[in-house]
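S.K.: What follows is a structure written as structure tokens; I'll ask about it next.
Read-outs throughout are calculated quantities, based only on the coordinates presented, and are distinct from any laboratory measurement. Worth saying up front: this structure is predicted, and the values here are computed from it rather than measured. When we count neighbours, we look across all protein chains shown, and the Cβ atoms used for this are built from the backbone with ideal geometry, even at glycine.
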Amino acid sequence: MEIIDRGDAVCIAGAGPAGLVMARALQHNGIEWDQFDPNPDVGGLWDIKHEGTAIYESAHFISSRSLSGFADFPMPDHFADYPKHTEILKYLHDFAEAYGLREKITFSTKIEKLTKTKDDRWQVQLSNGECREYKAVVCATGSQWQANMPALKLI
Ligand SMILES: Cc1cc2nc3c(=O)[nH]c(=O)nc-3n(C[C@H](O)[C@H](O)[C@H](O)COP(=O)(O)OP(=O)(O)OC[C@H]3O[C@@H](n4cnc5c(N)ncnc54)[C@H](O)[C@@H]3O)c2cc1C
């Protein structure tokens, strides 16, 4: 199989809040990157249309607007003090737009497998059949997509 060598570029898995802010940090520091997400747009779990998200219609932030924004991109004053999920999604879309982050994201494409090579690089197998090699991989794949139900004993 052909392996596309991406040199010193970094690979980011996920285009939710963590993947987006990572992309912005790499951009700010002049580091090349590629980004992948199985969903058709940015936002991670904050897009209620993304299959399997834990977000529900009445969901809103429980951390405040003034303390939850990215360092160089505060949430707008007209947002609710504890914004609704639709406002958080709008904020994430605006952040991606402001810094041109969408251009680097391959949507509807999942990272299927990561393999470390003998020379400490990473081979990334994508769901579109491509295999690419990177200097580093950032896993920003979220941790709230699988429900964890404790087994409670009735006493
Ligand atoms: C109901 C609810 C309320 C919350 N309230 C708050 C709050 O008030 N304040 C707060 O700060 N946080 C809150 N959170 C926490 C939430 O996890 C964060 O806000 C934020 O969404 C985490 O961002 P993330 O990018 O790490 O993960 P996610 O938003 O989960 O995004 C991960 C992305 O990675 C993608 N991905 C997964 N696997 C792969 C793969 N193999 N290859 C490529 N991409 C992949 C997914 O498709 C997804 O788009 C809440 C969460 C929930 C469920």
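S.K.: In the range 78-99, is there at least one residue being farther than 30 Å from G7 by Cβ, of a type in the set (S, T, N, Q), surrounded by 11 or more Cβ atoms within 10 Å (Cβ to Cβ) and under 18 Å from the mean Cα position of the chain (by Cα)?
M.R.: yes
S.K.: From the list A13, A18, pick out the single residue that is touching a Cys at 6+ places or on another chain (Cβ under 7 Å) and either among the hydrophobic types (A, V, I, L, M, F, W, C) or more than 11 Å from the ligand (Cβ to nearest atom) (or both).
M.R.: A13
S.K.: Hey, which of the strands (runs of 3 or more DSSP E) in the range 51-155, taking only ones fully inside, have at least 1 residues that are of a type in the set (S, T, N, Q) and without any contact (Cβ under 8 Å) to a residue 12 or more places away in the chain?
M.R.: Details: elements: 111-116, 122-126, 131-134, 136-139.
Because the criterion is at least 1 residues that are of a type in the set (S, T, N, Q) and without any contact (Cβ under 8 Å) to a residue 12 or more places away in the chain, the strands (runs of 3 or more DSSP E) in the range 51-155 that meet it are 111-116.
S.K.: Return the total of residues in the range 62-83 being in contact with a strand residue (DSSP E or B) (Cβ under 8 Å, 6 or more places away or on another chain) and either among the hydroxyl-bearing types (S, T, Y) or within 11 Å of the ligand (Cβ to nearest atom) (or both).
M.R.: Just the residues of the range 62-83 that are in contact with a strand residue (DSSP E or B) (Cβ under 8 Å, 6 or more places away or on another chain), to begin with: 80, 82-83.
When the remaining residues are screened for being either among the hydroxyl-bearing types (S, T, Y) or within 11 Å of the ligand (Cβ to nearest atom) (or both), the result is 82-83.
The qualifying residues number 2.
S.K.: Return the residues of the range 23-50 that are more than 9 Å from the ligand (Cβ to nearest atom), among the hydrophobic types (A, V, I, L, M, F, W, C) and touching a residue at least 60 places away in the same chain (Cβ under 8 Å); say none if nothing qualifies.
M.R.: Of everything in the range 23-50, those that are more than 9 Å from the ligand (Cβ to nearest atom), among the hydrophobic types (A, V, I, L, M, F, W, C) and touching a residue at least 60 places away in the same chain (Cβ under 8 Å) turn out to be A23, W33.
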